[in-house]
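The structure appears right after this line, and notes come after that.
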Amino acid sequence: MPAETLRSTYRAGRNPNQCGTLCRLNDGVPLTIHPTTGTDSPHLERQLSNRHIQLIAIGGAIGTGLFMGSGKTISAAGPSVIFVYMIIGFMLFFVMRAMGELLLSNLNYKSFSDFAADLLGPWAGFFTGWTYWFCWVITGIADVIAIAGYSQELWPSLPLWVPGLITIGILLLLNLATVKAFGETEFWFALIKIVAIAALIIVGLFMIFSGFQSDAGPASFTNLWSHGGFFPNEFMGFVAGFQIAVFAFVGIELVGTTAAEAKDPEKNLPKAINSIPIRVLLFYVGALIILMSVTPWTQFAAGHSPFIAMFSLAGLGAAATIVNLVVLTSAMSSANSGIYSTSRMVFGLAQEGDAPKVFGALSGRKVPRNALFLSCVLLLSGVVLMYAGQDVGKAFDMVTTVSAVCFVFVWSIILASYLAFRKRRPHLHDSSAFKMPGGVAMVWVVFAFFAFVLWALTTQPDTLLALLATPLWFVILGVAWLIIRRRPTHLARYAAFQAELQRDAERTAELEPADK
């Protein structure tokens, strides 16, 4: 095989013999490869095209945290919520840049578990893999709760548990089909979300410049500062805005993992990461400015979508119903991606021996059916939360807090891996074409921001309760790790993983002259 062909095949991750033990295909979910034999176990056949990947990545920036969670952030922080989203997006941009430098330093890093295990130790790979899986389970529960809330807006007499069960059933059927069908479904789901945001901004601008009047007053940019200023609830109100806003950004790291598996990662990964600020400004900041300009921030309430409220207060009942359906579709999309991600993650963990073998089995359609059933069963806890409390807003706040804390852990592992990378492999950093801006100093700035976020979660009773409950997950993981860490099979897998990474690095070095 010619050197250049070998290089392109190697970098695209198409040859299983050239991947690490835990690889990811274009959709960013794990596929286990056995380096000792060079053969793959029962494998996932996924054919997600670049069209699917790009729309899924863009649609991932628009989730339940924005459509539903922003109601609480607006009511708590007022117009200062604009700065809340800008600050969070700014900080997470550096997390993504750190991840990008790590992924490009070794093109065989296909997951957080890979570079965490390599740079921090096997414990980090284990904790990161399982916590990331747990994050998406919790996120899926939040989506199911949100779907129930949206459904109640359309059909007030409908019990909360009915749309929850129907949603889980639909998601299970969608994911039991082929992966190509999943990709096509997600493509259109994401497109609907993008069109909805664009339509909201265009309609909102028309209302503002045409002097549209509603019971709440005229639509005008002056609404941003004429109802108590940008910080109407002072500093603590501003702090409260961070509680749910962080959840709006969960999954932002999937942009990096999907782009890293593109045919030309050196080009596509930086492009995907560098576009994050634009997405934040358009989808979050732009949309929120329009929302609070059309109707004063005082009209929004926690537990209700501000997108729906804007049209309702403006007297556009039919438009509000349409937006409600769009938002419902958005939540379905987010939950669908969550089920897909969690099922593939637990499948990969099972293939690695870090989860029961039963979850490593595939159906005749090459779908991890048992792992899908596990994810759907866990989503039922969202229905239980709603049925027990009968309060969509509080249930949503609790699960999103747990999810946000776990995602902060995953993001922190990325930054800790970057610090280890800078200390242990400075030559790779020096030769990197995609260095993280600010370097080590910026890592500590982001760590300080994460500490601020955790403190912010202690300022409200509902989020404090969820924050105090979250460590239980890490206690469970710690006990599990103490049990498996000294097993001969686990030690052998980690040794093989390290050896394979070393062989891949040497193979890459041998191919370098082919670019000259």
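Of the listed requirements (1) of a type outside the set (Lys, Arg); (2) within 23 Å of the chain's Cα centre (by Cα); (3) surrounded by fewer than 17 Cβ atoms within 10 Å (Cβ to Cβ), Thr185 misses just one: (3). Within segment 426-438, work out how many residues are buried (at least 16 other Cβ atoms within 10 Å of the Cβ) and not in a loop (DSSP other than H, G, I, E, B). Number of matching residues: 2.
For segment 380-405, a tally of residues being at pLDDT 80 or above and either hydrophobic (A, V, I, L, M, F, W, C) or open to solvent by 50 Å² or more (accessible area, probe 1.4 Å) (or both) returns 3.
Among the residues of segment 406-425, those that are under 25 Å from Lys267 (Cβ atoms) and either in contact with a Leu (Cβ under 9 Å, 6 or more places away or on another chain) or open to solvent by 50 Å² or more (accessible area, probe 1.4 Å) (or both) comprise Trp411, Ile414, Ser417, Tyr418, Phe421, Arg422, Arg425.
Among the residues that make up segment 97-110, is at least one of them under 26 Å from Ile244 (Cα atoms), touching a residue at least 40 places away in the same chain (Cβ under 8 Å) and among the charged types (D, E, K, R)? Yes, segment 97-110 contains a residue that is under 26 Å from Ile244 (Cα atoms), touching a residue at least 40 places away in the same chain (Cβ under 8 Å) and among the charged types (D, E, K, R).
If I ask for residues that are free of Cβ contacts under 8 Å to residues at least 24 places away in the same chain, part of a loop (DSSP other than H, G, I, E, B) and under 19 Å from Ser330 (Cα atoms), which ones from segment 125-179 would you list? Listed by number, the list holds a single entry, Trp155. Within segment 186-193, none of the residues are in a helix (DSSP H, G or I) and closer than 30 Å to Arg486 by Cα. Would you point out the residue of segment 254-271, among those that are in a helix (DSSP H, G or I) and either buried (at least 24 other Cβ atoms within 10 Å of the Cβ) or touching a strand residue (DSSP E or B) at 6+ places or on another chain (Cβ under 7 Å) (or both), that is modelled with the highest pLDDT? Among residues in segment 254-271 that are in a helix (DSSP H, G or I) and either buried (at least 24 other Cβ atoms within 10 Å of the Cβ) or touching a strand residue (DSSP E or B) at 6+ places or on another chain (Cβ under 7 Å) (or both), the one modelled with the highest pLDDT is Leu269.
Could you tell me whether segment 95-114 includes any residue that is of a type in the set (Ser, Thr, Tyr) and under 21 Å from Phe67 (Cα atoms)? No, the conditions are met nowhere in segment 95-114. Identify, from the list Phe83, Phe115, the residue that is part of a helix (DSSP H, G or I), farther than 30 Å from Arg425 by Cβ and of a type in the set (Phe, Trp, Tyr). Answer to the selection: Phe83.
Checking the condition open to solvent by less than 40 Å² (accessible area, probe 1.4 Å) and not in a helix (DSSP H, G or I), which residue from Gly204, Gly251, Gly228 passes?
Gly251
Filtering segment 441-495 to residues that are of a type in the set (Val, Ile, Thr), free of Cβ contacts under 8 Å to residues at least 24 places away in the same chain and not in a helix (DSSP H, G or I) leaves only Thr458.
The values are calculated or read from the model by the stated rules, or taken from the named source; none is laboratory data. Keep in mind that this is a model prediction, so the values were computed, not measured. Backbone-built Cβ (ideal geometry, glycine too); neighbour counts: all protein chains shown. Ligands, DNA and RNA are stripped out before the accessible areas are found, and what is left, the full protein with its side chains, is counted by its heavy atoms. Shrake-Rupley method; radii C 1.70, N 1.55, O 1.52, S 1.80 Å.
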